[in-house]
Amino acid sequence: MKIDALAYQQKMWHIGKTLRYSLYVISHPLDGFWDLKHEKRGSIAAANIIIGMALLTNVFKLQFTSFIFMKVIWEHVNILKLILGFLAPIIIGCVANWGLTTLFNGKGTMKEIYMAIGYALTPYVIIQFPMIFISNLMTIEEGAFYYYINYFSIIWCGILIMSAMMMIHDYSLSKAFITMFATIVGMMLIIFVLLLFLSLVMDATAYFISLYKEISFRFY
């Protein structure tokens, strides 16, 4: 039991250490992502926590942001769609980016790409989460400040993702831009193929259901 408790404490300490490392990454992106890959200073667990916190931030924004800045019609809100709409682009983006490494000689693995994207979302959490509650103390005249801060967090995340692509894949800035554009195109193609496959499955299912009903009607 003592050994298990010690192992658990060490695991929690490691997760806490790699989670705190995200603060270094966002302030020193090039060195941070380089060490993330080569010095193994990050962890999947920390990336999962950051992505989970970013998802919760999105949900809390709907619930607690001042109605002055965000009007929500809850009858039209589907939490499952909200979760999928946040997680799916991350997963598809990782797959598309990893697939393109064979064309652009990238050196990053799927694990490293996912971990880097997770760490790159840190500004989204540390800026937008407090702004949810700060928005309730602001007036409509101060709305520009609210939107500027939120946009700043998104731009910061974008810069971090670009830095991650450079360090994870050992790219130049121009090659990282090309890869990012190709990744977006790849994501669109993957989504198109998935939607096409889903449509075919639904059509096939509807056909077999109607065929079963027809046979049942004729013979029974």
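Just so it is clear, none of the values below were taken in a lab; they were calculated from the coordinates. All values derive from a computational prediction rather than experimental measurement. When we count neighbours, we look across all protein chains shown, and the Cβ atoms used for this are built from the backbone with ideal geometry, even at glycine.
Quick check on the range 137-177: of everything there that is hydroxyl-bearing (Ser, Thr, Tyr) and out of contact with any helix residue (DSSP H, G or I) (no Cβ under 8 Å at 6 or more places or on another chain), which residue is surrounded by the most Cβ atoms within 10 Å (Cβ to Cβ)? For the range 137-177, the residue satisfying everything is TYR147. Among the residues making up the range 57-92, those that are assigned to a helix (DSSP H, G or I), more than 30 Å from ILE178 (Cα to Cα) and either in contact with a Cys (Cβ under 9 Å, 6 or more places away or on another chain) or touching a residue at least 60 places away in the same chain (Cβ under 8 Å) (or both) are THR57, PHE60, LYS61, PHE64.
What are the residues in the range 37-48 that are in contact (Cβ under 8 Å) with a residue 60 or more places away in the chain and under 16 Å from GLY16 (Cβ atoms), if any? Scanning the range 37-48 gives GLY42, SER43, ILE44, ALA46, ALA47, ASN48. Do we have any residue at all in the range 112-131 that's loosely packed, with under 13 Cβ neighbours inside 10 Å and not aliphatic (A, V, I, L, M)? There is at least one residue in the range 112-131 that is loosely packed, with under 13 Cβ neighbours inside 10 Å and not aliphatic (A, V, I, L, M). Beta carbons closer than 8 Å, at least 6 apart along the sequence or on distinct chains, pair a first residue in the range 93-104 that is assigned to a helix (DSSP H, G or I) with a second that is of a type in the set (Lys, Arg) for THR101/LYS107; PHE104/LYS175. So, of the residues in the range 27-74 that are in contact with a helix residue (DSSP H, G or I) (Cβ under 6 Å, 6 or more places away or on another chain) and of a type in the set (Lys, Arg), which turns out to be surrounded by the most Cβ atoms within 10 Å (Cβ to Cβ)? Selected residue: LYS37.
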